[in-house]
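Note sheet for the following structure.
The values are calculated or read from the model by the stated rules, or taken from the named source; none is laboratory data. Owing to the predicted nature of the structure, the values given are computational and were not obtained by experimental measurement. Remember, those area values only see protein heavy atoms, side chains included, never the ligands or the DNA or RNA. Shrake-Rupley method; radii C 1.70, N 1.55, O 1.52, S 1.80 Å.
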Amino acid sequence: MLAETIFSAVSAAGLGIAAVTAYRKKYRAAARIAAYALVPLGLVMTGAVEWAFGTVFSPVAWAGFGVLGAAWLLLATTRGVERRRSGRKAAGGGAEPAAVAPGASAPSREALARPSSGPAARGGDAEDFSDIEAILKKHGI
């Protein structure tokens, strides 16, 4: 009840300042001041002030914020531990080569596992890239 009265008084004072500003022929500034002055009144009329003050002074609401914070902290901690463990597993030297990223797809792993002996091992693939190689040579790359 007290908050609604204070917010209404602030709005009334703001509208008074807007009226004085309009009297001085500064209409654009007066309209801006009136707009800001009407915001607290609108918050009181919609009930947002009562809800906000009910939340701020409610121990149950603060306990809820504490539970949300604890849940976020627990999720962040477990995710960090999970990332740390997956990094150790990849660095431990498993069956996969170290040049392949831990989350790489199976085809890229197979490509590194197969030894290639140059263009002869690729067969017809060398012809497919001849136009690209010509463009690169043309630009000196």
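When Rg and the Kirkwood Rh are both derived from Cα coordinates, the Rg/Rh ratio for segment 1-77 amounts to 1.28. At the residue level, VAL67 shows approximately 100 square angstrom of accessible surface with a 1.4 angstrom probe and all protein chains present.
Surface calculation, 1.4 Å probe, protein heavy atoms: ILE135 sits at approximately 100 Å² accessible.
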